[in-house]
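> Dropping the structure in here first, questions after.
The values are calculated or read from the model by the stated rules, or taken from the named source; none is laboratory data. Because the structure is predicted, anything quoted here is derived from the model rather than measured. Counting neighbours? That spans all protein chains shown, and the Cβs are built from the backbone with ideal geometry, glycine included. With ligands, DNA and RNA removed, areas are computed over all heavy atoms of the protein, side chains included. Shrake-Rupley method; radii C 1.70, N 1.55, O 1.52, S 1.80 Å.
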Amino acid sequence: MPATPGVAVFGVPRTPVSGYEVVRMNESIDTLRQEFEQDFAAISDMETWKSVRDRYLARDSGVITTALKKLRDIPKEDRPAFGQAMNRLRTFVEERLQEKFAAVRDADLASKLQKTDVTRPGFPISLGAVHPIKQLQKEIEQIFVSMGFQVFDLPEIEKDYYNFEALNMPRNHPARDAQDTFYFDQTNLLRTHCSAVQVHSMEAMKPPIRAISTGKVYRRDPFDATHSPMFYQVDVIVVEEGITMGDLKGMLDAFLKRLFGPGTLMRLRPGFFPFVEPGAEVDISCIFCSGRGCAKCKQSGWIEILGAGMVHPKVLRMSNIDDSRYSGFAWGMGIDRVAILKYGVDDIRLFFDNDLRFLRQF
Ligand code: PHE
């Protein structure tokens, strides 16, 4: 048996314990209680409170918990008395600690507050903002939603069929070269434009069709001031009975005035895209010089802004639209290009560098 009675509790021998030993055990419980009282009196803050609690009550190593686990080492007849005494001690310790808890917690808080100047202004929380391209993308979508258009959210990884074939660009069609493409395999590619909305909307809806889709497109282009291998587009398609080039012109005029200001003029020049016939390149009057001629518009007074045309009858037929009854128009535009013009930015990379000094201006 160890010499100090306080420790005897843990080293209780397996051999039968005499009445004398039980008396010693009770003595050691008393010693334990006294030790606890001493430790308890020394509690001054949450840290010391916790260390006293753990010393006596911790599940695996607490003094009282361990002693109770050793109960089975004591002769059967002595167990009830010893167990009860230990349990009383445990309840006593628990209650004392519980009583002390609120006071310790309040003292802790008070001392923390003393060290903190609560009247000091907090650190400013900086809020994120919507990227200028995204703002423009949403603004354009909103204009068309207000006119009753259906917004299509389409995949950036597209099938060759939707990006090319169904838009009258079969394999080996020379027009594919103009959109140098990232292919995954024979069928899957990164879309080179948003014009697949024509095919997807005609598959999904019956005329009248009014659909728009915006998003990222990818081409094997260099990354320099005027090119990016990833940029944003918006494509629009309308298919109904009796749609003419006049409808296309009317809508574009209204849209471009809304986007660039009411004084904006536009003109159509013949242009070729395999999925429209006739096709057109659309210019707006130069927004820098109002059409008088400047360096930005190469003295022409006009700036090219989008491609458009009447949906090719073949494209209608491939998507099971009766081309003897319905006609439609479609157009597509680069959103980054609009941003560059609208905000007078001379390097497209600025939109993708994520330099906050640049982005905070929008
Ligand atoms: N998809 C064409 C491009 O990326 C633009 C376009 C769309 C032209 C619709 C005509 C009709 O250049």
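> Which members of the range 263-308 meet the condition of being of a type outside the set (G, A, S), outside any strand (DSSP E or B) and either open to solvent by 60 Å² or more (accessible area, probe 1.4 Å) or not assigned by TED's automatic domain parsing to the domain that holds V236 (or both)?
Once the filter is applied, which keeps residues that are of a type outside the set (G, A, S), outside any strand (DSSP E or B) and either open to solvent by 60 Å² or more (accessible area, probe 1.4 Å) or not assigned by TED's automatic domain parsing to the domain that holds V236 (or both), the range 263-308 yields L265, F272, F288, R292, K296, K298, Q299.
> Could you list, in sequence order, the residues of the range 134-147 that are open to solvent by 30 Å² or more (accessible area, probe 1.4 Å) and either in contact with a strand residue (DSSP E or B) (Cβ under 6 Å, 6 or more places away or on another chain) or among the basic types (K, R) (or both)?
K134, K138
> Separate question: Only residues that are surrounded by fewer than 22 Cβ atoms within 10 Å (Cβ to Cβ) and within 13 Å of the ligand (Cβ to nearest atom): list them for the range 194-216, please.
G215, K216
> Residues T91, T119, T31, T66: which one is of a type in the set (S, T, N, Q), more than 30 Å from L359 (Cβ to Cβ) and under 44 Å from the mean Cα position of the chain (by Cα)?
Result of the check over T91, T119, T31, T66: T119.
> Could you tell me whether G332 is surrounded by fewer than 18 Cβ atoms within 10 Å (Cβ to Cβ) and either away from the ligand (no atom under 14 Å from the Cβ) or in contact (Cβ under 8 Å) with a residue 40 or more places away in the chain (or both)?
no
> Looking at the range 223-236, can you tell me whether even one residue there is more than 16 Å from the ligand (Cβ to nearest atom), at pLDDT 95 or above and surrounded by fewer than 21 Cβ atoms within 10 Å (Cβ to Cβ)?
Within the range 223-236, not a single residue is more than 16 Å from the ligand (Cβ to nearest atom), at pLDDT 95 or above and surrounded by fewer than 21 Cβ atoms within 10 Å (Cβ to Cβ).
> Follow-up question, since we're still on this one. Looking only at the range 311-351, count every residue that is at pLDDT below 95 and part of a loop (DSSP other than H, G, I, E, B) and tell me the total.
Qualifying residue count for the region: 4.
> Any residue that is aromatic (F, W, Y), at negative phi and open to solvent by 70 Å² or more (accessible area, probe 1.4 Å) - is there at least one of those in the range 117-133?
Checked against the condition, which is being aromatic (F, W, Y), at negative phi and open to solvent by 70 Å² or more (accessible area, probe 1.4 Å), the range 117-133 yields at least one hit.
> While we're here: If the requirement is being without any contact (Cβ under 8 Å) to a residue 60 or more places away in the chain and of a type in the set (G, A, S), which of these qualifies: A211, A295?
Answer to the selection: A295.
> Another question, then. For a quick check of your reading of the model, give me the residue pairs whose first member lies in the range 130-157 and is basic (K, R), whose second is open to solvent by 60 Å² or more (accessible area, probe 1.4 Å), with beta-carbon atoms closer than 8 Å and at least 6 apart or on different chains.
Partner pairs satisfying both residue conditions: K138/V130.
> Turning to a different aspect of this structure: For the range 46-74, which residues satisfy the criterion of being over 25 Å from A102 (Cα atoms) and of a type in the set (D, E, K, R)?
Scanning the range 46-74 gives D60, K69, K70, R72, D73.
> For L154, work out the one condition from (1) at pLDDT below 90; (2) touching a strand residue (DSSP E or B) at 6+ places or on another chain (Cβ under 8 Å) it doesn't fulfil.
(1)
> Answer yes or no: is there a residue in the range 44-51 that is open to solvent by less than 50 Å² (accessible area, probe 1.4 Å) and farther than 19 Å from R105 by Cα.
No: the range 44-51 contains no residue that is open to solvent by less than 50 Å² (accessible area, probe 1.4 Å) and farther than 19 Å from R105 by Cα.
> Within the range 283-320, how many residues are over 30 Å from L350 (Cα atoms) and either within 16 Å of the ligand (Cβ to nearest atom) or among the small types (G, A, S) (or both)?
10
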